[in-house]
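This report refers to the structure that appears directly beneath it.
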Amino acid sequence: MKKRTNKLAAMGMAAVMAAALLAGCGGKTKATPENLLRDMTEKAGKVESAVMNLKLNITLSSGTEELATELNMDLETTADPEVSHGKGEASFDIAGSSMSTEMETYTVKEDDRYMTYTLLNGEWAKEETSGMEALGDIGGMTGGMRDYADKFELGTELTEINGEDCFELTGELDGDIFSQMIQSDMMDSFSGYGLDEETVSDMVFPCTIDIYKETILPARILFDLTDTFAPAMEDAGVTASDCYMEITFMEYDSVDEIVVPDEALEAEEGSGLLDDFSDDGDSVKPAEPAEQSADLGSDWESYTVQINDTVVTLPCTLADLEAAGVTLDREYTPEDYVVNAGEYELAWFMDANGNEIMVDMVNNTDGPLELKDCFVGGISVDSYDLEDSGLTVIFPGGIQIGTAQEDVLAAYGEPDNTFEDEEYGNSYYWYAEDSFENSCTIETEAGTGLVDSMSIERYE
């Protein structure tokens, strides 16, 4: 269960670590986008502390599967000394199963470094972070907004935020402003969809800025991420919906001293909670020779998969997989779970060592079926799934985790579609002529060019 939530959890963890704290500036002039944003910038350097609330929501879906992450965190920060503190809750809804966790984080400048301490599940972790991205440069984050005044319109009516009247500006900001507000770790969680930092910087995001009428300080900044992220993720077969980041500013210059607890300071450096989610580009090892069954096909369109010493051919049954030495995780996905007509449900099959494969349980009938009666239409595995070793998974042509990408291309031929990225690795797609739903996907790691993820589907 832990491994299969790693990537999504990373999204929530990194968002906490990246709680960028914005501030504003002001003066008494005629309210126009130009004057309001200019005055915000001027006042930013005078703000000594801020209290705010951060909300982040990311909802992604692929087929019938939905992944949702929500973060709700209260934050406080001081400019001198440079310290921030956040406390809140992150929740995840994965394939209909929900989980939530409370978390707390401190970021403080220590000599010339910025260290972040994070409490999760009763355990403190410590790691170095990239400066003011983690603390939130009071004023620094809003400083660039004045350059986009011509992209905003001032609402004709005042709005109310935190019980106070506010001016409201609506418009667009370039992605470089958004990317300044989050750490690179959060961007890494989107890398599989082609949303690296450089890509995001080139995007344009709808943005709403509410400004307190009395103080000309920010009241709320809302980024609508949905319409911008959706087209980029569509190529990966993922639909983005209800994606936003909202920061509400509750108080200014009211924070007393922020003290990092002793138990946090005593955490071992380098024990960051995101270590499990990071990709250093050199984590996959070359595949060791494995005894290949004579029943395994040579071409991906044979739809054969070797699991341990047994070869199954897609589509197959739940019983076929369990005969190969992996067992349905019935606690996560009960075998009597009902799959609607024409849909599929993701399930995980595990071995005794905790290794697992992800499986598409497909219902192609005209009525509902229990999961145990659906057929296995897809098998997926990545390097995380096999990190405990002991489980053999080989695709047609002898392709497995750790195979060199040149060997993949030699075995499967020219891909029908390719996504290449020097920083995050390459993805290769093959589709059957008779059906787009019959396919094979191989992903390789940046730096090594070794296979770190692979999937094969046969629905028809």
Residue check, Asp329 against (1) surrounded by 17 or more Cβ atoms within 10 Å (Cβ to Cβ); (2) at pLDDT below 95, all met but one. Which one? (1)
If only one of Met233, Met187, Met203 is under 25 Å from Ser427 (Cα atoms), over 17 Å from the mean Cα position of the chain (by Cα) and at pLDDT below 90, which one is it? Met203
Residue list for the stretch 403-429, filter: assigned to a loop (DSSP other than H, G, I, E, B) and surrounded by fewer than 18 Cβ atoms within 10 Å (Cβ to Cβ): Gly413, Glu414, Asp416, Glu422, Glu423
From Ala347, Ala341, Ala352, which residue is free of Cβ contacts under 8 Å to residues at least 40 places away in the same chain, small (Gly, Ala, Ser) and crowded, with 16+ Cβ neighbours inside 10 Å? Ala347
Is it fair to say Thr310 is within 19 Å of Arg458 (Cβ to Cβ) and either surrounded by 16 or more Cβ atoms within 10 Å (Cβ to Cβ) or without any contact (Cβ under 8 Å) to a residue 24 or more places away in the chain (or both)? yes
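The values are calculated or read from the model by the stated rules, or taken from the named source; none is laboratory data. Everything numeric in this text was worked out from a predicted model, so none of it was measured. We place every Cβ from the backbone using ideal geometry, glycine too, and count neighbours over all the protein chains shown.
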